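The values are calculated or read from the model by the stated rules, or taken from the named source; none is laboratory data. Everything quoted here is computed from the prediction, not taken from an experiment. Backbone-built Cβ (ideal geometry, glycine too); neighbour counts: all protein chains shown. Surface accessibility is based on the protein's heavy atoms, side chains included, excluding ligands, DNA and RNA. Shrake-Rupley method; radii C 1.70, N 1.55, O 1.52, S 1.80 Å.
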Amino acid sequence: MSLIELSDVTRTVLIPDSDPLTILDGVNLGVEPGERVSVVGRSGSGKSTLLNLLGMLDLPTTGELCFEGESVPDMKSGRRDRVRGGNVGFIFQQFNLLDGRTALENVTMPLLYARGPRFWGRERIAADMLDRVGLGHRLTALPGSLSGGEQQRVAIARALVRQPKLILADEPTGALDVETGQSVMTLLDDIVREENAALVTITHDPAIAARSDRHFRLDRGVLTLADDIVAVS
Amino acid sequence: MGGFLAGIVGACAEAWQEVRIHKGRVLLSLVGVAVAVCALSGAVAMSAIAQQATIEQADSAGGRAATLTMSMQSPDTTATGRSQATQAWFDVLDRYDIAYATRVLWDQGRVQFPGSVQDVNLQVVDQPYAEMHRTRMDDGSWFQVGDSSRLAPVIVVNTAFWELLGSPALDSHPSVAIDSLGGAKAIIVGVYGTSAWDTYPSMYMLTSHFEQLVDPARAAQSSPQYEMWVPPDLARDLQGRIQAELSSALGSSGSVSVDRTDWGAQMDDPTSILRVITLVIGGIILLLGALSLLNIALVTVRQRIREIGIRRSFGATSGRVFFAVMMESVVATFVAGIVGVICAVLLVQSPMVSDLVSFGGISDVPPFPVSAAVFGLVAATLVGALAGLIPALIAVRVKVIDAIRY
Ligand SMILES: Nc1ncnc2c1ncn2[C@@H]1O[C@H](COP(=O)(O)OP(=O)(O)OP(=O)(O)O)[C@@H](O)[C@H]1O
Ligand SMILES: [Mg+2]
């Protein structure tokens, strides 16, 4: 069974005084556990919209979206939020760390929505996770005082702290220089492999895309296999 | 349910973080809330203390709740008639197992003070009187249970009386000669407290001593009141029965009246107008504090739409977001409420203020009433919840995908 699966998914939005805008058109995509998938595409092609669907933040207009075989649109919204919290970790282009909160508080945040030992042991778990991304010495640093690469490492720690099955990264290196981007991606790859999580990376950088097992291209809402990208690893 | 607890604790932890981060902005409106809570719970506390003082003063005159006072007019005004009435009263006490009861007789006495002979007030009572009227002792002690069998009469006097004697130490067993009771020497065992303006000398004496010493002709002129202290919920029932029983004991030509005299318990609080005014003012300040808190919360919640989107994408349910935003106001006003209550306690218990509200001293100075503290905290928390409601409603309407788009 796929971890998450889109079958013939269309996503349209209604625009006042105009025809509905089709952002995604007949998308089929299944992500298997532990698999690494990349999606490339031009700006405005619908990449973020696709990622929001994979992350259960958005619902398809038509077609099916299933998480571990369960229909996502049929879930009650509270359950959808909890399934997302327990299974999906997001990494954003602009890091999206909480301002004014220390690195440790940022990484602790997802554990606030867990229960049991993960909730009660959240500070220790978060500190361990920051240690794994090489920031064990910057626990009390505020995002503003961290470099871009360090901020993205905090974001990686935050995305992985609940040990999710699926990591969704939307242009994770978009705000970093090439070298820092590569080292952050190496770190992300390593941790994802250790945790045996699936990773979906959205990027416009073929070198980043090449790190994945399967490659897709999104062009004006249509998803196709990208045979021209060759896996490097 | 572990998940439920984790949810509550988590939301409070989130809220506390939020308050900490925005403390500069939040502080000012919280000062208003703290001041209002201080005024509110201070007003409630002061009125409780004033009420206590009033009740004590009333009790010292009319007895505690519930006191039944009987006066009996026997057709036979001789000593036999009087003892018949007294016997009927004792029978009633026995039958209903009433432990606290006293006879009360007002008389005048003439006492030899050093250098002068003066008239004094004399109240003739039984030993339980002090308990029933909350008589407060400044020095020495009230009559003991065995005192009525002592040969020498003992008396308890007020400060004015004691000062006329030159304020002697009580353990030296000072005594006075009472001319009106055949020059009997009475030993002073205690000095009771009254208000400062009670300057006329007064004394208490036990009924048994008085009856041994008093001239029978004089005794015939006055008849005592009979008081008993009964459970308030039985008072009405007992009143009727005792009335009937005493009437039949005295026969048709006697007259008996049984009344509740503990008017203190039934009296209105004389500070109620002051309290209402303080409550209204405090309420207005509290509302203003809430409004400025609401204003700040509205501004910050708009700035935090992105943050709420991020939290939602990491698994926060909309219910959780609602609760957490609401708790921010509640946590803040609760802390302000605690500060306000502490200020109120310090203020009300400062000697100046407690003297002011207690009309110059009461026997049980009540501690800061718990009800007033609880009232202040509840008011603060409610206001916090009200101020948090609107931002919380805005927070749950945040569209996650719009909030995290950049
Ligand atoms: N709610 C919406 N209302 C109107 N238009 C929308 C909405 N959501 C997305 N769009 C439009 O759909 C298109 C695809 O958006 P999306 O954010 O998925 O693109 P993208 O591939 O992530 O682009 P970029 O690389 O710039 O991030 C864009 O043209 C965008 O303006
Ligand atoms: Mg995008």
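Where in segment B:172-216 are there strands (runs of 3 or more DSSP E), lying wholly inside it, with at least 2 residues that are among the hydroxyl-bearing types (Ser, Thr, Tyr)?
Result: B:202-206.
Hey, among A:44, A:55, which residue is within 16 Å of ligand 2 (Cβ to nearest atom), under 25 Å from residue A:181 (Cβ atoms) and more than 16 Å from the chain's Cα centre (by Cα)?
On the way: A:55 fails: more than 16 Å from the chain's Cα centre (by Cα).
Sole residue among the options that is within 16 Å of ligand 2 (Cβ to nearest atom), under 25 Å from residue A:181 (Cβ atoms) and more than 16 Å from the chain's Cα centre (by Cα): A:44.
Of all residues in segment A:121-151, which are touching a Lys or Arg at 6+ places or on another chain (Cβ under 8 Å) and open to solvent by 20 Å² or more (accessible area, probe 1.4 Å)?
Across segment A:121-151, the qualifying residues are A:125, A:134, A:142, A:150.
Taking the criterion of being outside any strand (DSSP E or B), open to solvent by 30 Å² or more (accessible area, probe 1.4 Å), within 14 Å of ligand 1 (Cβ to nearest atom) and farther than 22 Å from residue A:228 by Cα, would at least one residue in segment A:20-28 satisfy it?
Looking only at segment A:20-28, we keep the residues that are outside any strand (DSSP E or B), and these are A:20.
Okay, now just the ones that are also open to solvent by 30 Å² or more (accessible area, probe 1.4 Å), so A:20.
Checking which are within 14 Å of ligand 1 (Cβ to nearest atom) leaves us with A:20.
Restricting the remaining residues to those that are farther than 22 Å from residue A:228 by Cα gives A:20.
Looking for residues that are outside any strand (DSSP E or B), open to solvent by 30 Å² or more (accessible area, probe 1.4 Å), within 14 Å of ligand 1 (Cβ to nearest atom) and farther than 22 Å from residue A:228 by Cα, one finds at least one in segment A:20-28, hence yes.
Against the conditions (1) near ligand 1 (Cβ under 9 Å from one of its atoms); (2) away from chain B (no Cβ under 12 Å), where does residue A:9 fall short? Just the number, please.
Result: residue A:9 passes all but (1).
Given the condition open to solvent by 60 Å² or more (accessible area, probe 1.4 Å), more than 16 Å from ligand 1 (Cβ to nearest atom) and either modelled with pLDDT under 90 or touching a Lys or Arg at 6+ places or on another chain (Cβ under 6 Å) (or both), answer yes or no: does some residue in segment A:152-175 qualify?
Keep residues of segment A:152-175 that are open to solvent by 60 Å² or more (accessible area, probe 1.4 Å), which gives A:153, A:163, A:165.
Pick out the ones that are also more than 16 Å from ligand 1 (Cβ to nearest atom) and you get A:153, A:163, A:165.
Applying the additional criterion that residues be either modelled with pLDDT under 90 or touching a Lys or Arg at 6+ places or on another chain (Cβ under 6 Å) (or both) yields none.
Scanning segment A:152-175 turns up no residue that is open to solvent by 60 Å² or more (accessible area, probe 1.4 Å), more than 16 Å from ligand 1 (Cβ to nearest atom) and either modelled with pLDDT under 90 or touching a Lys or Arg at 6+ places or on another chain (Cβ under 6 Å) (or both).
Looking at B:43, B:6, B:48, can you tell me which residue is within 14 Å of chain A (Cβ to nearest Cβ) and not hydroxyl-bearing (Ser, Thr, Tyr)?
Selected residue: B:6, the only one of B:43, B:6, B:48 that is within 14 Å of chain A (Cβ to nearest Cβ) and not hydroxyl-bearing (Ser, Thr, Tyr).
Any residue in segment A:108-120 that is within 11 Å of chain B (Cβ to nearest Cβ), within 16 Å of ligand 1 (Cβ to nearest atom) and either under 18 Å from residue A:172 (Cβ atoms) or open to solvent by less than 30 Å² (accessible area, probe 1.4 Å) (or both)? I'd like the intermediate steps shown before the answer.
So the first thing to find is which residues in segment A:108-120 are within 11 Å of chain B (Cβ to nearest Cβ), and the list is A:108-120.
After this cut, where a residue has to be within 16 Å of ligand 1 (Cβ to nearest atom) as well, the list is none.
There is no residue in segment A:108-120 that is within 11 Å of chain B (Cβ to nearest Cβ), within 16 Å of ligand 1 (Cβ to nearest atom) and either under 18 Å from residue A:172 (Cβ atoms) or open to solvent by less than 30 Å² (accessible area, probe 1.4 Å) (or both).
With respect to residue A:135, determine if the residue is outside any helix (DSSP H, G or I) and more than 14 Å from every other protein chain (Cβ to nearest Cβ). Before the answer, list the steps.
Details: outside any helix (DSSP H, G or I): yes; more than 14 Å from every other protein chain (Cβ to nearest Cβ): yes.
For residue A:135, the condition - outside any helix (DSSP H, G or I) and more than 14 Å from every other protein chain (Cβ to nearest Cβ) - is met.
Sort out which residues of segment A:48-91 are in contact with a Pro (Cβ under 8 Å, 6 or more places away or on another chain) and either open to solvent by less than 40 Å² (accessible area, probe 1.4 Å) or within 9 Å of chain B (Cβ to nearest Cβ) (or both), and write them in order of number.
A:53, A:60, A:65, A:85, A:86, A:87, A:88, A:89, A:91
Which condition number in (1) within 19 Å of the chain's Cα centre (by Cα); (2) more than 14 Å from chain B (Cβ to nearest Cβ); (3) more than 30 Å from residue A:26 (Cβ to Cβ) is the one that residue A:147 fails?
(1)
Mind listing whichever residues of segment B:169-182 are surrounded by fewer than 22 Cβ atoms within 10 Å (Cβ to Cβ) and either more than 30 Å from residue B:78 (Cα to Cα) or without any contact (Cβ under 8 Å) to a residue 12 or more places away in the chain (or both)?
The answer is B:169, B:170, B:171, B:172, B:173, B:174, B:175.
Name the residue, out of B:48, B:6, that is part of a helix (DSSP H, G or I), in contact (Cβ under 8 Å) with a residue 12 or more places away in the chain and open to solvent by less than 60 Å² (accessible area, probe 1.4 Å).
Details: B:6 fails: in contact (Cβ under 8 Å) with a residue 12 or more places away in the chain.
Step by step, each of B:48, B:6 is checked, and only B:48 is part of a helix (DSSP H, G or I), in contact (Cβ under 8 Å) with a residue 12 or more places away in the chain and open to solvent by less than 60 Å² (accessible area, probe 1.4 Å).
Could you tell me whether residue A:202 is open to solvent by less than 40 Å² (accessible area, probe 1.4 Å) and modelled with pLDDT under 90? Steps first, please.
Working: open to solvent by less than 40 Å² (accessible area, probe 1.4 Å): yes; modelled with pLDDT under 90: no.
No: the conditions fail for residue A:202.
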